[in-house]
Amino acid sequence: MTGWIAVAGLGPGDEALVTDEVRSALAEATDVVGYIPYVARVAPRPGLTLHPSDNRVELDRAGHALDMAAADKRVVVVSSGDPGIFAMASALFEALEARPEPERFDIRILPGITAMLAAAARLGAPLGHDFCAINLSDNLKPWDLIERRLRLAAEAGFAMAFYNPRSKSRPHQFARALDILRETCGPERLISFARAVTTPDESLSTVTLAEATPEMADMRTVVILGNAETRRVGRFVYTPRSAG
Ligand code: SAH
C-alpha cells in the first residue's frame with residue numbers, strides 16, 4: 001500500500017497557527033476528509049478532492065479514510081485544534097481496530113494547537129499549575145459521569161478547561177455544571193469564557209463564578225476555570241506556579 005493517512009490539527013482558527021508539518025501533509029494529499037467547517041479551511045487545488053461530512057459521523061469518516069488509504073490515496077483527516085483532543089485521532093484508531101492487519105496502514109497524527117492552549121495564551125496563564133480538560137458534551141458519555149468528574153476535579157483543586165460547554169440541544173446542562181462548581185469552588189473563583197479564539201469573531205471575558213451565567217458560553221467557546229489561587233494582574237489572568 002503506498003497510500004497514507006495523516007490526522008492533522010488545523011489549530012484554533014488563525015492560519016499562522018497551522019504547523020508547517022500540517023501544511024506539508026495538505027500539500028501532498030490527494031484527499032481531505034473532515035467535518036464541513038474544518039474542510040472549508042483547506043484551500044481547494046487541482047488534484048485534491050475534499051470530502052466534507054456532517055458532525056457525529058466520525059466512525060464513518062474514519063472508515064472512509066482507511067478505505068481510501070488502502071486504495072493508495074494520500075489522505076488528510078482534519079480536526080480543529082489538536083486531532084487528539086476530543087477529535088478524529090481516537091475515532092481513526094477505533095475504526096482501525098476493526099480492520100484486519102492494522103499495521104499495514106501508514107498513519108501519522110500531526111498535532112495542532114488545541115483551543116484551551118490558544119485561549120490560555122490570550123488570557124494570560126490560567127493553566128500555569130495543574131489542570132484538567134473536560135468535554136461537557138454527553139454525546140459519548142452519560143451526564144452523571146460528567147457531574148462526578150466536575151466535583152472530583154474541583155475537590156482536587158484543578159484548574160479546568162471545558163470543551164463543548166453548551167449547545168442548543170442541551171442548554172440546561174451547563175447551568176447545572178456552573179451550580180456544581182459554585183458549590184465546590186465558592187462564588188469568588190475566576191472563570192473565563194474564550195469564544196472563537198484567534199478568529200475575527202474572538203471575544204474574551206473573565207468573571208467570578210457568582211457572576212457567571214450559562215449564556216456566556218456556546219459551542220464556539222472554551223471555558224477556563226481557575227484554581228483557588230488564580231488571580232488578575234493588569235488585563236491578564238494567571239495561576240501561580242506553586243500551590244498549597
Ligand atoms: N480538537 C479541538 C476540540 C474539538 S471539540 C481542539 O483541540 O481544540 C469542539 C470544542 O472546542 C468547541 O465546542 C469549543 O469548546 C472548543 N473550540 C474549538 N475551537 C475553538 C476556538 N477557536 N475558540 C474557542 N473554543 C474553541
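Given a 1.4 Å probe and heavy atoms of the protein chains only, how would you sort 137, 205, largest accessible area at the top? Intermediate values should be presented prior to the final figure.
Values: 137 15, 205 45 Å².
Sorted by accessible area, descending: 205, 137.
How are the Cα pair distances of region 40-94 distributed, in percent, across 10 Å bins from 0?
Taking every Cα pair in region 40-94, the percentages come to 22, 56, 22, 0.
Starting from the eigenvalues of the Cα gyration tensor, five times each then square-rooted, give me the equivalent ellipsoid semi-axes of region 4-113, largest first, whole Å. Each step should come with its number before you reach the end.
On the way: eigenvalues 79, 45, 33 Å².
Here the semi-axes work out to 20, 15, 13 Å.
Based on alpha-carbon centroids, what's the gap between region 42-104 and region 198-240 in Å, whole number please?
First find each Cα centre; the distance between them is then 33 Å.
Okay, helix-only estimate at 222 nm for the chain: each DSSP H run of n ≥ 4 adds -39500 (n - 2.57), divide by all residues, round to 500 deg cm²/dmol; what do you get?
Details: 7 runs with 73 residues, N = 244.
-9000 deg cm²/dmol, from helical runs alone.
Starting with the highest mean, order 237-243, 73-79, 111-117 by the number of other Cβ atoms within 10 Å, averaged over the residues of each peptide. Let's see the in-between values first.
Numbers: 237-243: 15.6, 73-79: 25.1, 111-117: 23.6.
Final packing ranking: 73-79, 111-117, 237-243.
Amide H of residue 135 versus every other amide H placed in the peptide plane: which residues, excluding those fewer than 5 positions away on the same chain, fall under 5 Å?
163
Working from the alpha-carbon coordinates of the chain, get Rg over Rh, Rh being the Kirkwood radius.
Radius of gyration over Kirkwood radius for the chain works out to 1.01.
Can you tell me the 0 to 90 degree angle between the C-alpha axis of helix 58-70 and the longest principal axis of the chain, rounded to 10?
The angle comes out near 30 degrees.
Provide the gained length on full extension for the span residue 140 to residue 49, in nm with one decimal, where the gain is 0.36 nm per separating residue minus the Cα-Cα distance. Please list the in-between numbers first.
Values: separation 91, 0.36 × 91 = 32.76 nm, distance 3.00 nm.
Going from the current span to full extension adds 29.8 nm.
Expressed as an acute angle from 0 to 90° and rounded to the nearest 10, what is the orientation of the C-alpha long axis of helix 143-155 relative to the principal long axis of the chain?
50 degrees
If you add up the charges near residue 159, with Lys and Arg at +1 and Asp and Glu at -1, over every other residue whose beta carbon is less than 13 angstrom from its beta carbon, what do you get? Show your work: numbers first, answer last.
Working: positive: 189, 231, 241; negative: 130, 229.
Computed value for this residue: +1.
Just need the relative contact order of the chain here, percent rounded to a whole number, with Cα pairs under 8 Å and 6+ apart. Kindly include the intermediate steps, with their values, before the conclusion.
On the way: 483 pairs, mean separation 50.0, N = 244.
Relative contact order for the chain comes out at 21 percent.
Counting only other residues whose beta carbon sits under 13 Å from that of residue 53, what net charge do I get with K and R as +1, D and E as -1?
-2
With every protein chain present, what is the per residue accessible area of region 105-185 (1.4 Å probe, Å²)? Before the final figure, lay out the partial values.
Details: 3880 Å² over 81 residues.
On a per-residue basis, region 105-185 sits at 48 Å².
Evaluate the charge dipole of the chain about its Cα centre and quote only its size in Debye, nearest 20, assuming +1 on the Cβ of each Lys and Arg and -1 on the Cβ of each Asp and Glu.
Using only the charged Cβ atoms, the result is roughly 560 debye.
Enumerate the calculated ³J(HN,Hα) couplings along region 99-109 in order (Karplus 6.51 cos²θ - 1.76 cosθ + 1.60, θ = phi - 60°), each rounded to whole Hz, writing x wherever the residue is Gly or Pro.
Couplings: 9, x, 6, x, 5, 6, 8, 8, 10, 10, 10 Hz.
Ignoring ligands and nucleic acids, what accessible area does residue 20 show with a 1.4 Å probe (Å², nearest 10)?
So the heavy atoms of residue 20 present about 120 Å² to solvent.
Output needed for region 82-137: three equivalent-ellipsoid semi-axes, defined as square roots of 5 times the C-alpha gyration tensor eigenvalues, in descending order, whole Å. Can you show the working numbers first?
Values: eigenvalues 194, 30, 14 Å².
The answer is 31, 12, 8 Å, longest axis first.
With a sphere of radius 11 Å drawn around the Cβ of residue 172, what net charge do the other residues whose Cβ falls strictly inside it have (Lys, Arg +1; Asp, Glu -1)?
Details: positive: 166, 170, 176; negative: 179.
Net charge in that neighbourhood comes out at +2.
When only Cα pairs under 8 Å and 6 or more residues apart are kept, what is the percent relative contact order across region 102-232?
Working: 199 pairs, mean separation 37.5, N = 131.
Relative contact order of region 102-232: 29 percent.
Efficiency by 1/(1 + (r/R0)^6): what FRET value for residue 94 and residue 228, r their Cβ-Cβ distance, R0 = 30 Å, to the nearest 0.05?
Details: r = 38 Å, r/R0 = 1.25.
Here the calculated transfer efficiency is 0.20.
Can you find, among 192, 171, 40, the residue farthest towards the positive end of the dipole of the chain? Put +1 on the C-beta of Lys and Arg, -1 on that of Asp and Glu.
Final value for the positive-end residue is 192.
Please list the three semi-axes, largest first and in whole Å, of the ellipsoid equivalent to region 116-238, using sqrt of 5 times the eigenvalues of its alpha carbon gyration tensor.
Values: eigenvalues 82, 60, 32 Å².
Square roots of five times the eigenvalues give 20, 17, 13 Å.
The values are calculated or read from the model by the stated rules, or taken from the named source; none is laboratory data. Please read these numbers as outputs of a predicted model, since none were measured by experiment. All Cβ positions, glycine included, derive from the backbone under ideal geometry; neighbour counts span all protein chains shown. Ligands, DNA and RNA are stripped out before the accessible areas are found, and what is left, the full protein with its side chains, is counted by its heavy atoms. Shrake-Rupley method; radii C 1.70, N 1.55, O 1.52, S 1.80 Å.
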